[in-house]
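A.B. asks: Here's a structure for you.
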Amino acid sequence: MSGVLTIVVITAVVAFIFVRQFTAQRVTSSGGKWWLIPAVLAVVACRQDGLLDPAHHTASAVLLGAELLIALASGAAWAWTTRIWTDADGEVWAKGGWATAGVWLCGMAVRIGLMAAASLIGVHQNSSPALTLSVAAMLLSRTGVLTWRARASQGTYRVPVAG
């Protein structure tokens, strides 16, 4: 995939996920395979060339590790800022709010700063596999924490009933 097409696809996916977090979504806490999509993304990312800069292995590995830690923290913060409730039928629902949007924006700002730091010290990583691996880490921690919270809240009715 060309560089421009990759940027367009990544931007479209991020915009879709960002907008979707503001709509109520049913959370499946039955155990499922919530880890499958992040695992596939991680495998795809690791199979691509350019994950580490061959001229700066240590520096690029440290930067990649920092990006993954930021992604894990962002995913967990995303899940913790998502409102969870149980409806009258016992189904667990989740919806992000402005705090969730703030987490996204802060996470993106920190990642852009990390990319700028890498550029300043001369580390050249292919951004596509690093971004894919980062998204995988963020989705893994977000979905894991959200699933855990949904399991913990199941059976607790929190939506007021009119009438």
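A.B. asks: Take each complete run of DSSP H in the chain, measure how far its Cα atoms stretch along the helix's own axis, and keep only those covering 24 Å or more with mean Kyte-Doolittle hydropathy at least 1.6; list them. Kindly include the intermediate steps, with their values, before the conclusion.
C.D. replies: Values: long enough: 3-20 (25 Å, 2.52); 57-80 (34 Å, 1.27); 98-120 (33 Å, 1.41); 127-153 (38 Å, 0.59).
For the chain, where a helix must reach 24 Å along its axis and average at least 1.6, the hits are 3-20.
A.B. asks: For the residue pair Phe22 and Asp87, what label-to-label distance in nm results when each label sits 7 Å from Cα along the Cα-to-beta-carbon direction?
C.D. replies: 2.2 nm
A.B. asks: I would also like to ask the following. Could you estimate the translational diffusion coefficient of the chain from the Stokes-Einstein equation, with Rh from the Kirkwood formula over C-alpha pairs, at 37 °C and 0.692 mPa s, in whole µm²/s? Can you show the working numbers first?
C.D. replies: Details: Rh = 17.1 Å.
For these conditions, the coefficient is 192 µm²/s.
A.B. asks: Given a Förster distance of 25 Å, report the FRET efficiency between Leu5 and Ala116 from their Cβ-Cβ distance, rounded to the nearest 0.05.
C.D. replies: Details: r = 24 Å, r/R0 = 0.95.
Result of the calculation: an efficiency of 0.55.
A.B. asks: In addition: Using Cα pairs closer than 8 Å and at least 6 residues apart in sequence, work out the relative contact order for the chain, in percent.
C.D. replies: After rounding, I find 40 percent.
A short reminder: the numbers here are calculations on the coordinates, not readings from a lab. Computed from a prediction, not measured in an experiment: that's the story for all the values here. Quick reminder, even Gly has a Cβ in these numbers, built from the backbone with ideal geometry, and neighbours come from all protein chains shown.
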